[in-house]
Amino acid sequence: MIKKIQSDQLQVGMYISNLDASCLEHNFISSQFAVSDENIIKKVHKTGIKGIYIDTAKGIDIEDAHTAGEVATTLTKEVKKVAADTEVLDNQIPVQEEIERARGIYKEAHNIMHELMNDIRLGKQVDVERVEPISEQLVESVFRNKDALISLSRIKDKDHYTFMHSVSVAGLMITFSRAMGFDMTLIKEIAIGGMLHDVGKMMTPNNVLNKPDKLDDDEFIIMKSHVVYSKELLEGKPGITQAALDVAALHHERVDGTGYPSGLKGDAISQVGQMSSIVDVYDALTSVRVYKSAWEPNLALKKLLEWSDHHFNPELVKQYIRCLGIYPIGTLVELDSGNVAVVIEQGEKDLLNPKVRIIYNIRKKGLVNIRELELWKTDDRIIKSVSPQQYQINLAAHY
């Protein structure tokens, strides 16, 4: 049986089934291993990981610990409660009208970041003026229809992750900031910070940055230094406000003090910094990397909520769920009817029943005539989110 315990309950003789943390938070080669000595326990504690799933069939049990199923059920209820209490933000125009324009903006932003980061690697200064116009275009796209840009953030080439991640974080931070009610000036500053938050990675050796396997202890330390480099590259530059700098300097800090580089706690991390930590982890989790597959958005949001009892500000995580929806655009879902569909737009009345595009039928085991369905107008309901790989679906071809 799989159960969840707290890290201070870990004992020699247990078997860890899953380190309940993003792969960004630790450099264990595997998340499944036997706790054979005290050194392993010390290493787990050093990472700042608070929750751990153990396999009681392979090691010592703790009788009163909650099962993985109980934890999952509780999280699902909490996420649905957050979604049920949400007032859906209106888009100015339909997603179909914005998607092509957003795709062009996204592509241009990626190309700019690719060139800018290559220049930094060659020793050139950060050209903030280069990203200001495209950042403004990203903001304008989100305000026309937030769902269009969000849908594109799911589609990444693992070989160009660093550049695409920067654009996605900018888009998601704009969406988050809009939902928080920030004024337009601040949102544009945050967008620039999102675009440039990882420029310090260009100071990281390629053999570490692009390593196809988990980093060893020394490499992990080197990788963490990219935040310091980002701050050094941006601080004092014309066009870099405090809000923009906070996105770059604070996105790996955690409210419980277990983050880096400064180990800041609670309110010592600005609100923008706390938001950026949530967005950065979400985008990393939902992206394919050379060493991991992408998590489904719904699972990533549940994990953020689970980790908000220590790593993240719980109210900000709930607000983030509200602005993305329990089933973010681009999520593949299984319906009561036996159809599989991709979420293309949030519902008019609630986040539990979005607009979907039906593309596959489980019973027929094949693609179907594509049609769109507004779930809030039907009795058909979402059972769960599913992986595109499960049905060999090319998600990018359907929105």
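The values are calculated or read from the model by the stated rules, or taken from the named source; none is laboratory data. All values reported here derive from a predicted model rather than from experimental measurement. As a convention, Cβ positions derive from the backbone with ideal geometry for all residues, glycine included, and neighbour counts pool all protein chains shown.
Checking the structure you have, find out if any residue of region 154-171 is modelled with pLDDT of 95 or more, among the basic types (K, R) and either in a helix (DSSP H, G or I) or buried (at least 24 other Cβ atoms within 10 Å of the Cβ) (or both).
no
Can you run down the residue pairs with Cβ atoms below 6 Å, 6 or more apart or on separate chains, where the first is in region 100-128 and under 14 Å from S230 (Cα atoms) and the partner is part of a helix (DSSP H, G or I) and of a type in the set (D, E, K, R)?
Final answer for the pair search is L116/R130.
So which strands (runs of 3 or more DSSP E) stay within region 322-388 end to end and still have 1 or more residues that are closer than 18 Å to V95 by Cα and in contact with a strand residue (DSSP E or B) (Cβ under 9 Å, 6 or more places away or on another chain)?
332-335, 339-345, 355-361, 366-374
Scan region 64-86 and report the pairs whose first residue is in contact (Cβ under 8 Å) with a residue 40 or more places away in the chain and in a helix (DSSP H, G or I) and whose second residue is surrounded by 15 or more Cβ atoms within 10 Å (Cβ to Cβ) and among the charged types (D, E, K, R), with Cβ atoms within less than 6 Å and a gap of 6+ or a chain change.
From region 64-86, the pairs are V71/K4; L75/K302; L75/E306; V79/K302; V82/K318.
Considering only region 236-255, how many residues are over 19 Å from the mean Cα position of the chain (by Cα) and not in a helix (DSSP H, G or I)?
6
Determine if region 297-309 includes at least one residue that is in a loop (DSSP other than H, G, I, E, B), touching a Gly at 6+ places or on another chain (Cβ under 9 Å) and in the same structural domain as G181 (by TED's automatic domain parsing).
yes
From the list L215, L233, which one is out of contact with any strand residue (DSSP E or B) (no Cβ under 8 Å at 6 or more places or on another chain) and either β-branched (V, I, T) or in a helix (DSSP H, G or I) (or both)?
Only one candidate qualifies: L233.
It is to be established whether one or more residues within region 199-219 are over 23 Å from P297 (Cα atoms) and small (G, A, S).
For region 199-219, residues over 23 Å from P297 (Cα atoms) and small (G, A, S): present.
Tell me which of these L196 doesn't satisfy, since it passes every other one: (1) at pLDDT below 95; (2) touching a Leu at 6+ places or on another chain (Cβ under 7 Å); (3) crowded, with 18+ Cβ neighbours inside 10 Å.
Among (1) at pLDDT below 95; (2) touching a Leu at 6+ places or on another chain (Cβ under 7 Å); (3) crowded, with 18+ Cβ neighbours inside 10 Å, L196 violates only (1).
So which residues in region 297-353 are small (G, A, S) and closer than 19 Å to S287 by Cβ?
A300, G325, G330
Given the options K4, K42, name the one that is under 23 Å from D256 (Cβ atoms), loosely packed, with under 15 Cβ neighbours inside 10 Å and not β-branched (V, I, T).
K42
Please count how many residues of region 31-50 are under 21 Å from the mean Cα position of the chain (by Cα) and either without any contact (Cβ under 8 Å) to a residue 40 or more places away in the chain or in a strand (DSSP E or B) (or both).
Qualifying residue count for the region: 1.
For region 259-269, check the following and say yes or no: at least one residue is part of a loop (DSSP other than H, G, I, E, B), touching a residue at least 40 places away in the same chain (Cβ under 8 Å) and over 18 Å from K188 (Cα atoms).
Yes, that holds for at least one residue.
May I ask you to list the residues in region 270-296 that are surrounded by fewer than 22 Cβ atoms within 10 Å (Cβ to Cβ), of a type in the set (A, V, I, L, M, F, W, C) and in a helix (DSSP H, G or I)?
A284, L285 - these are the residues of region 270-296 that are surrounded by fewer than 22 Cβ atoms within 10 Å (Cβ to Cβ), of a type in the set (A, V, I, L, M, F, W, C) and in a helix (DSSP H, G or I).
Hey, among I362, I344, I329, which residue is surrounded by 13 or more Cβ atoms within 10 Å (Cβ to Cβ), free of Cβ contacts under 8 Å to residues at least 60 places away in the same chain and β-branched (V, I, T)?
None of the other options fit; the residue is I362.
Check whether at least one residue in region 217-225 is surrounded by 18 or more Cβ atoms within 10 Å (Cβ to Cβ), within 26 Å of V128 (Cβ to Cβ) and over 21 Å from the mean Cα position of the chain (by Cα), and report yes or no.
For region 217-225, residues surrounded by 18 or more Cβ atoms within 10 Å (Cβ to Cβ), within 26 Å of V128 (Cβ to Cβ) and over 21 Å from the mean Cα position of the chain (by Cα): absent.
Does region 51-69 contain at least one residue that is within 22 Å of the chain's Cα centre (by Cα), polar (S, T, N, Q), surrounded by 14 or more Cβ atoms within 10 Å (Cβ to Cβ) and modelled with pLDDT of 85 or more?
The answer is no; no qualifying residue exists.
Let's see how each residue does on (1) of a type outside the set (A, V, I, L, M, F, W, C); (2) modelled with pLDDT of 90 or more; (3) over 18 Å from S387 (Cβ atoms); (4) out of contact with any Cys (no Cβ under 9 Å at 6 or more places or on another chain):
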position: E334; (1), (2), (3), (4): yes, yes, no, yes
position: G338; (1), (2), (3), (4): yes, yes, no, yes
position: K349; (1), (2), (3), (4): yes, no, yes, yes
position: I358; (1), (2), (3), (4): no, yes, no, yes
